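A short worksheet on the structure shown next.
The values are calculated or read from the model by the stated rules, or taken from the named source; none is laboratory data. For clarity, every value in this text was computed on a predicted model and none was experimentally measured. Here the Cβ positions follow ideal geometry from the backbone for every residue, glycine too, while neighbour counts run over all protein chains shown.
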Amino acid sequence: MLEFGSLLRLLRSHLALTQTEMAEFLHMSQPVYSRVEAGRRPLSMTALQRIAEFLEVSVEELVFAFFLLDDNLKEIERRAGDPVNKLLLALARKYRERLPARFKDAAALGLLFDERGE
């Protein structure tokens, strides 16, 4: 599984923000944010809530989007016999359909952005 910072990097890139801009939004320094994004420092619940509020999604949706990252889905596919994994894969297919196939991590982005037309 990827680190949660992988989702943050994807979101930051999708929103065309720099690490400095994201760090300022989360009230932390850029070096600290860089460590969070690299998976070397945990993200606080307060920061997670700020991101969710900014995206107009719940914290749960944000965490769920993490599991829908392509590399995480590959790991889940290897264990597709598990009923929970089957459900995750079915939901991933649903969210992937919201964006063109060329998008990497389309399921995660589809969950977080497509409904608002972003």
For residues in the stretch 70-93 being among the small types (Gly, Ala, Ser) and more than 16 Å from the chain's Cα centre (by Cα), which is nearest to residue 11 (Cα to Cα)?
90
Exactly one of 50, 35, 12 is in a helix (DSSP H, G or I), out of contact with any Asp or Glu (no Cβ under 8 Å at 6 or more places or on another chain) and touching a residue at least 12 places away in the same chain (Cβ under 8 Å), and that one is 50
Taking the stated definitions as given, is residue 67 touching a Leu at 6+ places or on another chain (Cβ under 7 Å), at pLDDT below 90, on the phi < 0 side of the Ramachandran plot and surrounded by 13 or more Cβ atoms within 10 Å (Cβ to Cβ)?
no
Flagged pairs (Cβ under 6 angstrom, 6 or more apart or on separate chains; first in the stretch 89-100, within 17 Å of residue 78 (Cβ to Cβ); second of a type outside the set (Phe, Trp, Tyr) and not in a loop (DSSP other than H, G, I, E, B)) are 92/73; 92/107
Among (1) hydrophobic (A, V, I, L, M, F, W, C); (2) in contact with a His (Cβ under 8 Å, 6 or more places away or on another chain); (3) free of Cβ contacts under 8 Å to residues at least 60 places away in the same chain, the one test that residue 113 misses
(3)
Breaking point among (1) surrounded by fewer than 15 Cβ atoms within 10 Å (Cβ to Cβ); (2) assigned by TED's automatic domain parsing to the domain that holds residue 13, for residue 51
(1)
Does residue 101 satisfy the condition of being outside any helix (DSSP H, G or I), among the hydrophobic types (A, V, I, L, M, F, W, C) and not assigned by TED's automatic domain parsing to the domain that holds residue 11?
yes
